[in-house]
Every structure is written in structure tokens, then in C-alpha cells.
Amino acid sequence: MEILQRPSALSRIFPLPADPTGFSSAPVHLKTNWRFAEGVNTMYHVSLRGYHFRGGKPFNIECVGYLYGITHCYESVQSLVTGSSVTAQAYRARDDFLAFRLTATADWHASTLTCEFLPGGTQYMQLGASTFEISAIVHSQENLWGCETLSTIFFQPISCSADYITR
């Protein structure tokens, strides 16, 4: 009997807040280097987890998706901690990169974020793993790098909050 081992994940750890003052009430935005483009077929399974000190709870959010060409994406965001003080949404940046927004119920202070890509066996997941990178992390009330929520370009609807600002 062969025992299958869990594939190793690609992890990045960030202290929060990213703001040098040590406090921020604004959501955290993570910009990836995954671009919506012709011929791009990137699948991803990203785990966003950590401890939100002011919320008093851990968070563990699974984000899975498939960027398929210039305008299509299938995506799902699911919190694995009941009553978590942090939620996530994905959006397409104006420069065609995928970004995530983490919103907390209280200020970010003395918190941490582990962003982990969980690889899979398909060529599309391997492409996601080989190109995984968080290219920017900032706090802002508005979506950065553009404001198009993914629900406007999906074949399948996702849960996006109504507080996105359109320009």
C-alpha cells in the first residue's frame, strides 16, 4: 500500500497591519501576479489564514479559482472558521491582475497573515504554483489597482459585498 504525502505548499507570511503606524482600520489588499490574459489558464487554491488580534479569533479562508483567458474566471471564497472576524473577496484589478481584499470587523493590530498556495496535480494548478507571488500588500478602504469585482465577469456568481466602489 502506497502512502500519499500532502504536496508541499508555497507560503508567504506577512505581519499585519502593513501600515507602519501599527494600526489600520482599512481592509488589506493582496495583489497577485496572476494576470487575466489570452492563453492564460491558471488554477489556484490559496489559503489565507492567521490571527486577527482585535477580533480575538483566528481566520482561515480558502480561495479557489481558475483564470481562463482575458475575461473569464471561476472562483469561490469560503471561510472555514465559524464567526471569524475576517472576510475575503476577490476582484480584478484595472491592470488585469487578480487581487484579494481582506476585511476585518475591528482594527488590524499585532496580527499575522499566512498566504499559502496549495499545489495540485493538474498542469493548470502547476502553472499557478510556478507563478505564485504576492506583488503588493496595502491597506485601503477602496479596492486598489482597479475596482471590477469578479462577480461581473464570472460564469458562476460569487458572493461579493456591495461596498465596492466603482470609478
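Taking segment 86-128 as the range and being part of a helix (DSSP H, G or I) and small (Gly, Ala, Ser) as the test, only Gly128 passes. Residues in segment 65-85 that are in a strand (DSSP E or B) and either in contact with a helix residue (DSSP H, G or I) (Cβ under 9 Å, 6 or more places away or on another chain) or surrounded by fewer than 20 Cβ atoms within 10 Å (Cβ to Cβ) (or both): Gly65, Tyr66, Leu67, Tyr68, His72, Cys73, Tyr74, Glu75, Ser76, Gln78, Ser79. Got at least one residue in segment 40-50 being modelled with pLDDT of 80 or more, out of contact with any Leu (no Cβ under 9 Å at 6 or more places or on another chain) and of a type outside the set (A, V, I, L, M)? There is no residue in segment 40-50 that is modelled with pLDDT of 80 or more, out of contact with any Leu (no Cβ under 9 Å at 6 or more places or on another chain) and of a type outside the set (A, V, I, L, M). Out of curiosity, is Glu62 surrounded by 15 or more Cβ atoms within 10 Å (Cβ to Cβ), modelled with pLDDT under 85, charged (D, E, K, R) and part of a strand (DSSP E or B)? So Glu62 does not fit the description; no. On the stretch given as segment 22-36, residues that are crowded, with 20+ Cβ neighbours inside 10 Å and either part of a loop (DSSP other than H, G, I, E, B) or at positive phi (or both) total 2. Would segment 98-107 turn up any residue that is out of contact with any strand residue (DSSP E or B) (no Cβ under 9 Å at 6 or more places or on another chain) and farther than 30 Å from Val40 by Cβ? No, segment 98-107 contains no residue that is out of contact with any strand residue (DSSP E or B) (no Cβ under 9 Å at 6 or more places or on another chain) and farther than 30 Å from Val40 by Cβ.
Annotation note: Cβ proximity below 6 Å between a residue of segment 43-54 that is within 16 Å of Ala129 (Cβ to Cβ) and in contact (Cβ under 8 Å) with a residue 40 or more places away in the chain and a residue that is in a strand (DSSP E or B) and among the β-branched types (Val, Ile, Thr) (sequence gap 6+ or interchain) occurs for His45/Val64. Of all residues in segment 87-115, those being crowded, with 17+ Cβ neighbours inside 10 Å and in contact (Cβ under 8 Å) with a residue 60 or more places away in the chain number 20.
Of the residues making up segment 7-46, those that are over 21 Å from Glu142 (Cβ atoms) and over 16 Å from the mean Cα position of the chain (by Cα) are Pro7, Ser8, Gly22, Ala37, Glu38, Gly39, Val40, Asn41.
Taking the criterion of being closer than 23 Å to Thr131 by Cβ, aliphatic (A, V, I, L, M) and either touching a His at 6+ places or on another chain (Cβ under 6 Å) or at pLDDT 80 or above (or both), the residues of segment 66-97 that qualify are Leu67, Ala88, Ala90.
The values are calculated or read from the model by the stated rules, or taken from the named source; none is laboratory data. Remember, predicted model here, so these are calculated numbers, not experimental data. So basically every Cβ, Gly included, is an ideal-geometry build from the backbone, and we count neighbours across all protein chains shown.
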